[in-house]
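A short worksheet on the structure shown next.
Derivation of every value follows stated rules applied to the coordinates shown; laboratory data play no part. Just so it is clear, the structure is predicted and the values come from calculations on it, not from any experiment. Because the Cβ atoms are built from the backbone with ideal geometry, glycine has one as well, and the counts that use them run over all protein chains shown.
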Amino acid sequence: MAKFELKLPKMGESVAEATITNWLKNVGESIEVDEAVLEIATDKVDSEVPSEVSGVLVEILFNVDDVVQVGQTIAIIETEGGSVAEPILAPIQSNEPVAAQQIEEQISTVKTDLNFVPDFSESDKFFSPLVKNIAAAEGISVAELNNINGTGKEGRITKNDILDFVANRGKVQPTASVQQPVVANVQPVSQAQQPVAKVETTKNAPTSVNAGDEIIEMDRMRKLISGYMVASVQTSAHVQSFIEVDVTNLVKWRDKIKGAFEKREGEKLTFTPIMMEAVAKAIKDFPGMNISVEGDYIIKRKNINLGMAAALPNGNLIVPVIKNADQLNLVGMAKAVNDLGGRAKAGKLKPDDTQGGTYTVTNVGTFGSVFGTPIINQPQVGILALGAIRKVPAVIETPEGDFIGIRQKMFLSHSYDHRVVDGALGGSFVKRVAEYLEAWDINREI
């Protein structure tokens, strides 16, 4: 018999870790090749980890809610024949000296010899296996862990955070019996890291509940979305510009061409790729919208990667990204939009599909909204909301005079970060998008 190390696979260039959300197999159960063993989640995308071999699951090395680094061994599978795979445990991924790594390894073995094992299910926070082991070794309760201000990504508690707490434990003053929500200062981070506000709240049920009321805990995705929204509002100075657009010619053109387009390309032609094309062209005209902010520095992005808000099967929203959108023609844009939208609805997006966006478009008109005030997708500096297209009476100017006619119109709502985007740029950009849409050639061929 041989033992195979099941490792957390690479999920994209910018994805370094994932959270285990569910084990689909228990110790002792048989596993077939390519059969899913567990479910994992990154900041936005949930996926399954399949087995590369057939065998029996003999050891699970991480629990649900543990955060695991890419390349770490997460389970051991016993297979027929061959030699034992070594080492059983994945090496610690760290830039620290070897001595520090040895200390971490020693601490990680203590838990099995201890009677004190905190119940981490009482907390909404994510704790790494190392932090949990140190807490168990030092007799640190979950309540005490919740009061530690983490300095890691998304406010997570690092090894240094908990060791500092242990060193100063006797000096720490007791906390108040009623814990008020505390929101950490959120600083813009790199394109690969979306900031999440660290919101610490008590888990007490609402104080006012009437008969028939139902209390529902937020799911993991809703908690993440909540964190992103709070972080964005705290980080960026949001301001909006609105413009009404006459898209009558565009609507007529699409009605005329969509049947032939679908027959030829095997793809539906919706309004979304048309809008995305106009946005990509406007960003080329105004590259000041294709930037991000890190502290006191502005990063001018070379590639135009457009995010498009899409619905997930559970009703939550996600933002897959169309890479190098300015290099796509309308056919390519339609295929990209349909592909990402379809995989989002089916829950088949990959982690890389949601990374690297430089500007975002959301279609609030899908839900019947005339316009909206969307929240910026950090660390970007702008987001455009597309309102519903409606038939409205309008004044039409002609050489023979003005008259009232029925036109197809919509509103564009542009939210932008007033720290780095002034009204002239924010307003000019959305105006340029409108100009591209209004000047649509009704005889255009694709």
Per the 1/(1 + (r/R0)^6) rule, R0 = 35 Å and r from the Cβ atoms of Lys345 and Val142, FRET efficiency to 0.05 is 0.40
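I need Thr362, Thr21 ordered by Cβ neighbour count within 10 Å, fewest first.
Numbers: Thr362 22, Thr21 14.
Ranking Thr362, Thr21 by Cβ neighbours within 10 Å, fewest first, gives Thr21, Thr362.
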Note: Asn303 to Ile243 extended length (0.36 nm per residue) minus current alpha-carbon separation gives 19.0 nm
With a Förster distance of 30 angstrom and the Cβ-Cβ distance between Ala388 and Ser208, calculated FRET efficiency to the nearest 0.05 equals 0.25
In whole Hz, the Karplus estimates of ³J(HN,Hα) for the stretch 239-244 (6.51, -1.76, 1.60; θ = phi - 60°; x where Gly or Pro) are 9, 10, 10, 10, 8, 8
For Val37, the residues 5 or more places away or on another chain with a placed amide H closer than 5 Å to its own amide H are Val49, Ser51
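Between Phe403 and Asn329, what length in nm is gained on full extension when 0.36 nm per residue of separation is reduced by their alpha carbon distance? It would help to have the intermediate numbers written out before the result.
Details: separation 74, 0.36 × 74 = 26.64 nm, distance 3.67 nm.
Extending this stretch completely gives an extra 23.0 nm.
Quick one: of Lys125/Lys350; Lys7/Lys348; Lys268/Lys345; Lys7/Lys302; Lys256/Lys323; Lys7/Lys350, which pairs are farther than 26 Å apart, Cα to Cα? Write out the running numbers ahead of the final one.
Details: Lys125/Lys350 24 Å; Lys7/Lys348 21 Å; Lys268/Lys345 16 Å; Lys7/Lys302 35 Å; Lys256/Lys323 29 Å; Lys7/Lys350 18 Å.
Over 26 Å apart, Cα to Cα: Lys7/Lys302; Lys256/Lys323.
So for His414, His238, fewest C-beta neighbours within 10 Å to most, what's the order? Please list the in-between numbers first.
Working: His414 23, His238 17.
If I rank by nearby Cβ atoms, fewest first, I get His238, His414.
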1/(1 + (r/R0)^6) with r = Cβ-Cβ of Asp296 and Asn168, R0 = 22 Å, i.e. FRET efficiency to nearest 0.05, evaluates to 0.10
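Taking other Cβ within 10 Å of each residue's Cβ, how do Asp46, Asp402 sort, fewest first? Intermediate results must be reported in sequence, preceding the final value.
Details: Asp46 19, Asp402 9.
Neighbour counts put them in this order, fewest first: Asp402, Asp46.
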Diffing the stretch 325-342: the Karplus 3J(HN,Hα) column from phi (6.51, -1.76, 1.60, θ = phi - 60°), in whole Hz with x for Gly and Pro, holds 4, 5, 8, 9, 7, 5, 5, x, 5, 5, 5, 5, 4, 5, 5, 5, x, x
Zone reached by a paramagnetic label modelled 7 Å from Asp285 Cα along Cα→Cβ, restricted to the stretch 390-429 with backbone N below 16 Å, covers 412-414, 424-429
Residue separation between Asp34 and Lys252 times 0.36 nm, minus their alpha-carbon distance, gives in nm 73.6 nm
For the stretch 252-261, Karplus-derived ³J(HN,Hα) couplings (6.51, -1.76, 1.60; θ = phi - 60°; whole Hz; x for glycine and proline) come out as 4, 5, 5, 4, 6, 9, 5, x, 5, 5
